[in-house]
Each structure stands twice: as C-alpha cells, then as structure tokens.
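Data first, discussion second: the structure below is written as structure tokens.
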Amino acid sequence: MAASLVAVLMVMLGVPWQQTPLRPGELHRSHAQILEGRLASQRCASCHPAAKGSLLQWFVSAGDQHAHVTQTQLCMDCHHATIPQARATWAHHLSEQQLDAISKQRQASGESWHDRLPGPPFASTQVQCSACHREHHGANADLTMLTNQQCQTCHSDRFASFADGHPQWTRYPYTQPYTISFDHLSHALKHYAQGGPDGTSLDFDCRQCHQIDHHGEVSRVNPFEQSCAGCHQQGLEVEIGAGLDWVSVPSLPVKPDKPEQWPRSATGFYDGQITPLTRLLLASDAEATAALRELPAADFERVDSRDPRQQLAAEEIATAIAGLLESAANEGAVVLRQRLRFQGASVDTVQKVLAGLSDELLEVAYREWFIDGGQDALAGEAGAVQDTKLPASEARSPVTGWQRDAFRLSIGYRPGGHADSVLTGLLDLVCDLPTHSKLTAEILQLPAVAACVRCHPLRTSQTATRKRPWVANRSSEKRKTFTKFSHQPHLQIPALQDCQHCHQLNIPLADLQHAGLVGLQANPSDSAGQFRLLEKNSCAACHRPSAAGDQCTQCHNYHITP
Ligand code: HEC
Ligand code: HEC
Ligand code: HEC
Ligand code: HEC
Ligand code: HEC
Ligand code: HEC
Ligand code: HEC
Ligand code: HEC
Ligand code: HEC
Ligand code: HEC
C-alpha cells in the first residue's frame, strides 16, 4: 500500500501539474473569458508564477526561474491601465509622504480619530492584490467583495458600525470650484423672487438646471438654453450687440506720406480709437508698437496737434493699419491668422476666432476705401455692409457675422448669440497669449467679451495652462477619490425628492425669515459655501446594517487616483 502510494505521488509530482486535480474552484467570469483560448498551463501561469513548471515546482519553487515574479506583477500585466504600475502595492496607491500628509491634515483640523489611529500593522508599500481579491470562488463571485475587517487591518481603530463609531466629518460633500459663475443664494432669494422677464415670481427649482439623467445621476449644470436663457438671453443680446471692431481706419488731418491715397471720409481731423484687437494685430509690428506707446490711450482724438512726436506716431500707426489692410486685401485672411499665430495663438483658436471672415470682404474693403478714394459704393444710408451684399433694407437690421462698416471704415464682427464661435475663440485666444498682459485685460473689458466673462470667469491658472473650460466638470471626468456617492438610489426614495434634504442652501437666518422660505433649517453659525455641509447623521438614519447597508466599500474606494 505504502509503496503504491509513493508511486502514485511520484507520478503526480512528475507530470505537468495542470493535469492533476489541483483545481481550487472556478475562476471569475471576466478572468475565465479572457483566458479561455489559452492552454491550461498558460492559463494558470497568468496569475501563478509557479505554474510554469511541474507540480513539484508549484510547492518547491526555489529553483524556478520565475521565482522573483510576484503574483501582483502578473495581475498588473493586465491591470496596468487602471492601476498605476509603480504604485500598485502602495496603500491606496499613495506614497508614504502622501499618506502621512493626509493623516497630518486631518489631525491638524482636529476632525478625525486619526490621533487615536495606530500605524498600519504592515508596510504600506507591500500590499499584495491577493490580500483583498480572492479568486476561484466561481464565475459570478464578486471579486471586489471585501469585509470591513479587511479595511480595518490598517484602519485598525475599529468601530462597531457606521452609525456607531465612524468618525464625524466636517468637509463633505467636497466642493469643486465652479466653472460657471453662479450664486445660488442671490438667485434663490432675490432674482427668482423678482421673477423672470415677465415679472412672475418663479420657483427656485433645482431640476431646471440640474437634470436627472437616465442613470439617475444629476447633471453638473444643464445647457445655457435651459438654465439661464430665460432670464439672461435678452441682456446678453444687448451686451454683445456692441459687436467687435477688429480694424478701423483712423482719421487724420491730412493724408500721410504713404499710402498714396487716404480715404476721404477719414481725412479732416484726428479721430478714432485704436481698439485692443487692432493693437493685437499690430503687436508684431515693432514700429507701430513703439508709436502706440507715444499715443495717449490709443485714441486719435487725444492727439495733441502741437506735439510733433504724437503727430508722427499717429501717422505711423495709420500707415501700419493701411499696410495691414493692404496685405490682407492681397493675400486674404491668412495675413490676420499669421499675425495672431505670431502672438502665440494656437491653430485651433485662430481658426475659430476668424471663422467666416472671407478674403472677398477684405479685398473689397481695401479697394473701396483706399483705391476708389474712400467713397464706398455701398455706403448709401446703410452703414453696415454685410459680407454678402444685402439689399439696403435688410442690411439695416442687426445682421450677424463679419461686416465692413462703410461710415466708420471698419471691419468688425457682430456675434450671433450665446456660445458664438468668434467670441468663444476670442476668449480662447486670451488664454493662448503668453502672459496676462494689459492688452488682454483690455480685450476682456470689451462689452461683448465682458458679457461672456460674467458667467465664464477667466482664472489666471487657465491663462497659464492655456486651457479654457467652457463646460462644467462632469462627474465622469472626476478623479477617483476616497469617498464615492451616487444620487441614483437616493432619488428613488420619496423622502429625498427634495434636493435640499441634503443640499441645504446656506441662508443666513435673517434672510430666511425675510424671504419667508419654508422647509429650510437655518444654522447661522455655518459660514462659507453656498450649501451647508452634510453631517454623518443625515446618512446614518438609513445607512445601518439592517437598512441601506454600512459596508466600508459602499461609500469608499480603495483604488484612488493618486
Ligand atoms: C486571474 C488570476 C488567477 C488565475 C488565472 C488562476 N488563479 Fe489560482 N489563485 C488566484 C488568486 C488571487 C489566489 C489566492 C486566492 C485567495 O487567497 O483566496 C489563487 C489561489 C490558488 C490556489 C490556492 C493555493 C495558493 O497558492 O494560494 C491554487 C491551488 C490555485 N490558485 C490554482 C490555480 C490553478 C490550477 C489555476 C489554473 C487553472 C489557477 N489557479 C488560475 C488567482 C488566479
Ligand atoms: C490575462 C489578463 C488578466 C490577469 C492576469 C488578471 N486579470 Fe483581472 N481582469 C481581467 C479582465 C479582462 C477583467 C474584466 C475587465 C475589467 O474589469 O477590467 C478583469 C477583472 C478583474 C476584477 C474586477 C471584476 C469585477 O467584478 O469587475 C478584479 C478585482 C481583478 N480583475 C483582479 C485581478 C487580480 C487580483 C489579478 C491577479 C491575481 C488579476 N485580476 C489578473 C484580466 C486579467
Ligand atoms: C495597507 C493599509 C491600508 C488598507 C488595507 C486600507 N487603507 Fe485606507 N488608508 C491607509 C492609510 C495609511 C491612509 C492615510 C493615512 C490615514 O488616514 O491615517 C488611508 C486613508 C484612507 C481614507 C481617507 C482618510 C482621510 O483621512 O481622508 C479612507 C476613507 C480610507 N483609507 C478607507 C479605506 C477603506 C474603505 C479600505 C478598505 C477597502 C482601506 N482604506 C484599506 C491605509 C490602508
Ligand atoms: C438657474 C440654474 C440653477 C439652479 C436653479 C440651481 N443650480 Fe445648482 N448649480 C448651478 C450652476 C451653474 C452650478 C455650478 C456648475 C459649475 O460650474 O461647476 C451649480 C452647482 C451646484 C452644486 C455643486 C456644488 C459644489 O460645491 O460642488 C450643487 C450641489 C447644486 N448646484 C445644487 C443645487 C440645488 C440643491 C438646487 C436647488 C435648491 C440648485 N442647485 C439650483 C445652477 C443652478
Ligand atoms: C429667474 C431668472 C434668472 C435665471 C434663470 C438666471 N438668472 Fe442670473 N440673474 C438674474 C437676475 C434678475 C440677476 C440680477 C440682474 C443682473 O445682473 O442681470 C442675475 C444676476 C446674475 C449674475 C450676476 C451676479 C449675481 O448673482 O447677482 C450672474 C453671474 C448670473 N446671474 C448667472 C446666472 C447663470 C449662470 C444662470 C444659469 C445657470 C442664471 N444666472 C440664471 C436672473 C436669473
Ligand atoms: C448667464 C450666464 C452665461 C452667459 C452670460 C454666457 N454663458 Fe456660455 N454657458 C453658460 C452655461 C450655464 C453653459 C452650460 C455649461 C455646461 O454645459 O456645463 C454655457 C456653455 C457655453 C459653451 C459650451 C457649450 C456650448 O453651448 O457650446 C460655450 C462655448 C459658451 N457657453 C460660450 C459663451 C460665450 C461666447 C458667451 C458670451 C457671448 C457666453 N457663453 C455667455 C452660461 C452663460
Ligand atoms: C442623500 C443626499 C442627497 C440628495 C437627496 C441629493 N444629493 Fe446631490 N449630492 C449629494 C452628495 C453627497 C454629493 C457629493 C458627491 C461627490 O462629491 O462625489 C452631491 C453632489 C451633487 C452635485 C454636484 C455634482 C457634480 O457632478 O459635482 C449636484 C449638482 C447635486 N448634488 C444636485 C442635486 C440635486 C439637483 C438633487 C435633487 C434632485 C440632489 N442633488 C439630491 C447628496 C445628495
Ligand atoms: C432615506 C435613506 C437614505 C439616506 C438618508 C441616505 N442613503 Fe445612501 N442609500 C440609501 C439606499 C436605500 C441605498 C441603496 C442601497 C442598496 O442598493 O443596497 C443607498 C446607497 C448609497 C450608496 C451606494 C450607491 C451606489 O450606487 O452603490 C452610497 C455611497 C450612499 N448611499 C451614501 C450615502 C451618504 C453619503 C448619505 C448621507 C449624505 C446617504 N447615503 C444618505 C438610502 C439612504
Ligand atoms: C454610508 C457611507 C459610509 C460608510 C458605510 C462608511 N463611510 Fe467612511 N466616510 C463616509 C463619508 C461621507 C466620509 C467623509 C468624507 C471624506 O472624508 O472623504 C467618511 C470618512 C471616512 C474616513 C476619514 C475620516 C476623517 O475625517 O478622518 C475614514 C478613514 C473612513 N471614512 C473609513 C471608513 C471605514 C473603514 C468604513 C467601514 C468600516 C467606513 N468608512 C464606512 C461615508 C461612509
Ligand atoms: C485593500 C484591499 C485591496 C487591494 C490590496 C487591492 N484591491 Fe482592487 N479593489 C478593492 C476594492 C474595495 C475594489 C472596489 C472598487 C474600489 O474600491 O476601488 C477593488 C476593485 C478592483 C478592480 C475593479 C475595477 C475598479 O476599479 O472598480 C480591479 C481590476 C482591481 N481592484 C485590481 C486590483 C489589483 C490588480 C490589485 C493589486 C495591485 C488590487 N486590486 C489590490 C480592494 C483592493
């Protein structure tokens, strides 16, 4: 008997081990699937370094040339896309310094129980995947199923349950900076009460601006048309109605030496403001830039006719503008594109900001003003002349797009409305420019531009990163943080239909009584922020083992974006 047993064992240990009954249980479906086509030996070897050899080697893997490969490394062969390779075995993928900083930060704010938390029982840089992820529990087993105890190996200051012992927190929900300027309080208390354009008082309905999508998630903010247009569209149209003057021909008392002809309607006296956009286009012209410095407030009207230096400067600027218009007439809009590119604007931006400007318009403008002696054939009664020649009656109504103004001898742009591409491009351009210069500050003050900046504030960090977010951050783009939340299960509960159950507007008590709002519990001691912070109690009412659940992993992530 003993001899035959030894013989069987000898055979077993000698044969390739995969053919033996060493099968601990079915793999999870996603792993089984991806490994399906492979040979059994490779299949096991994808997660077991020792599986390369015989069964003896599985148990005595000292001589195995793969001995130095850990299982975690094998897991990472496939999972490097979502987990940072170099930080795979670090607790939460954070360095010891980062972990330390978190503890200290919480301790300093006195908000946690970390001052009672002993250090982790094992090195926080040696956490193997298999410490948490179990395999071989069947195709449908939850690979990410974890017990509270597994977290509390490190978070060893154990507590009985979420409701009983989990620390209070003082900074949740985390707020992120708004991309869109919006004051919930002034709108809820003042603007909505006053009502929309027609004066009827409106409900401050969260869902007007925060739509609930088919996943049950709440949008960061709905599009302009839905959220803001009702009240801000009219005002916006008025403000952008001013349009943008790109290049206009200034008036001089006499025509300058060059070019030969100066438009008649621009001769007589010093007049005309050199707009920031014109100055931007002239910025690559060193002489013109120097001359502009001589001119007070870039305004021809303020040229002192007794000061020869200023007169000379005015003439130089006028010549530069004529030169710019001439080359644009000859070569087309590409000249303007190049000038903007030269200042640091990206190809995309330039494309956007000059979108729709036709070579023909530039050519005709120059010909009419400079060659045909300043008598614009189309001038008639209609000032604005559209790119496509419109009958005079139509040209008088506010048309949008690029146009030349035959009275003021200017080439300008009249925006079409919200999210107008040229205005959008212009704000992108400001971000592209190398520094937040005086010139860009002036561009931002142009009425049409300022109208956008009111809701789309420009932060200095954006000019540095050359990136301008037009839309608010969506949750899907967010980094994975320690604590997660989803609205979906909550919004199905009748008691939570009122968003203010969790997001209470931070209204001072006095205002509350004044506005006669009901259903809000004011806490005047709460200071900053538009909404009150949440307290643990507002979750603990439901998050108990017998009700909504209180597993650590229901609310927390282990794998976070470092
Ligand atoms: C997707 C990765 C993966 C694959 C593929 C895989 N295993 Fe595993 N296996 C694991 C993990 C993880 C553990 C540790 C599980 C635990 O501790 O609950 C484990 C544990 C085991 C154990 C328990 C003994 C030990 O070393 O801890 C055996 C035996 C085993 N696997 C055999 C196999 C065989 C045979 C195959 C090929 C059919 C295979 N495994 C394929 C991930 C895998
Ligand atoms: C051959 C490639 C491969 C290897 C090796 C591998 N995995 Fe996976 N794993 C996958 C794929 C593919 C999925 C399914 C897609 C996904 O969720 O990323 C998956 C899914 C998972 C999931 C999520 C399952 C779920 O319910 O969503 C976990 C956890 C996981 N793997 C852990 C491990 C661990 C731990 C190891 C090492 C023991 C390992 N994997 C080795 C390919 C691999
Ligand atoms: C290997 C040890 C280890 C494991 C396992 C571990 N953590 Fe951590 N965790 C830490 C360390 C270290 C910190 C940062 C320092 C601190 O909070 O003291 C931390 C921080 C946290 C924080 C943020 C604390 C804060 O102050 O912001 C949360 C939340 C957290 N862990 C939850 C979990 C959950 C849930 C699990 C189980 C899925 C888990 N951790 C597993 C070591 C671990
Ligand atoms: C008229 C539109 C409008 C209405 C009505 C409105 N919001 Fe907002 N809300 C916004 C905008 C705009 C933002 C900022 C989006 C951004 O730029 O990130 C915002 C942001 C938020 C945020 C994110 C807070 C943060 O700090 O990260 C919450 C929460 C929120 N709103 C809740 C509410 C609730 C609750 C109501 C109803 C009581 C409400 N909102 C009504 C427009 C609105
Ligand atoms: C019910 C009408 C109404 C809606 C809807 C509305 N606003 Fe307003 N908003 C006003 C009124 C009225 C004012 C004050 C007068 C003014 O400045 O135009 C105002 C002022 C503002 C201001 C100036 C600062 C302040 O709060 O007083 C900003 C910025 C603003 N709104 C942004 C927005 C944004 C962004 C949206 C859409 C997400 C929006 N508003 C939706 C009526 C509204
Ligand atoms: C009353 C506030 C308000 C004003 C004024 C405003 N916007 Fe917006 N804008 C919004 C809101 C709200 C959104 C939607 C943000 C989102 O989807 O996350 C938006 C979205 C955008 C977008 C991206 C989405 C799209 O529709 O293409 C662009 C581009 C944009 N605005 C440009 C402009 C420009 C250019 C101006 C000036 C003419 C301007 N906005 C003025 C509130 C405003
Ligand atoms: C059970 C409590 C609860 C209820 C009810 C609730 N919220 Fe929230 N909401 C939260 C928490 C917690 C967060 C923070 C999530 C995070 O930071 O991951 C949040 C985040 C948000 C955000 C910011 C989303 C983002 O992408 O940054 C908005 C907007 C918001 N809620 C609006 C609403 C609206 C509108 C309602 C009503 C329809 C509502 N919430 C109901 C708890 C709640
Ligand atoms: C009125 C009861 C109630 C309140 C209050 C409540 N929850 Fe929940 N929560 C639920 C229910 C029910 C579920 C779904 C549980 C399930 O699917 O097993 C849930 C699920 C969750 C989930 C898991 C979401 C998912 O999609 O997996 C998180 C995270 C969560 N709640 C966090 C919170 C936080 C944080 C608070 C406090 C701001 C809170 N909840 C307040 C009832 C509540
Ligand atoms: C119902 C949701 C929920 C459950 C269940 C839950 N937490 Fe939390 N936890 C939170 C929220 C919300 C915060 C505060 C947000 C933050 O600090 O990121 C928090 C904060 C923490 C912190 C940081 C506390 C601080 O301020 O110092 C740690 C550590 C933590 N939780 C660990 C755990 C552990 C371990 C478990 C399981 C035993 C657990 N949590 C269960 C919601 C939950
Ligand atoms: C301390 C416990 C712990 C350790 C160690 C751990 N995980 Fe996880 N893992 C989790 C939890 C909990 C989840 C559920 C989602 C979350 O919390 O991020 C998860 C989710 C996953 C997922 C599913 C995708 C996702 O992001 O939801 C994959 C894949 C995964 N882990 C792979 C790994 C690999 C590979 C390692 C080793 C480098 C590893 N895990 C180490 C606890 C752990």
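Key figures
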item	result
Residue-span extension gain [GLU36 to GLU326] - 0.36 nm each, minus C-alpha spacing	97.4 nm
J(HN,Hα) series, the stretch 236-241, from Karplus relation 6.51 cos²θ - 1.76 cosθ + 1.60, nearest Hz, glycine and proline x	4, 4, 4, 5, 7, x
Förster radius 45 Å - calculated FRET efficiency between GLU442 and TYR172, Cβ distance, rounded to 0.05	0.60
Sequence-distant residues sharing a close amide H with TYR172 (under 5 Å, placed H)	LEU534
Test item: Cα-centred dipole of the stretch 270-311, Lys/Arg +1 and Asp/Glu -1 on Cβ, debye	100
Modelled FRET efficiency - R0 60 Å, THR481 with LEU312, Cβ distances, 0.05 increments	0.45
Under-5 Å amide H pairs with GLN273, H placed in peptide plane, nonlocal only	PHE300
Qualifying chymotrypsin sites (Phe, Trp or Tyr not before Pro) in the stretch 157-205, DSSP loop, other Cβ atoms within 10 Å at most 13	TYR174
Using a Förster distance of 51 Å, the FRET efficiency for ARG264-TRP470 (Cβ separation, nearest 0.05)	0.70
Taking THR153, THR144, THR319, THR278 and counting other C-beta atoms within 10 Å, the order from fewest to most	THR144, THR153, THR319, THR278
Sorted by Cβ neighbour density within 10 Å, fewest at the top, the residues ARG337, ARG293, ARG367	ARG293, ARG367, ARG337
Exceeding the 26 Å Cα-Cα cut-off - candidates LYS190/LYS484; LYS104/LYS536; LYS104/LYS480; LYS190/LYS352; LYS190/LYS536	LYS190/LYS484; LYS190/LYS352; LYS190/LYS536
Sequence of HIS166, HIS215 once ranked by neighbouring C-beta atoms within 10 Å, starting from the fewest	HIS215, HIS166
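FYI, it's all coordinate maths here, none of it is from the lab. Here the structure is a predicted model, which means the values were calculated and not measured. Neighbour counts are summed over all protein chains in view; Cβ atoms, including those assigned to glycine, are modelled from backbone coordinates with ideal geometry.
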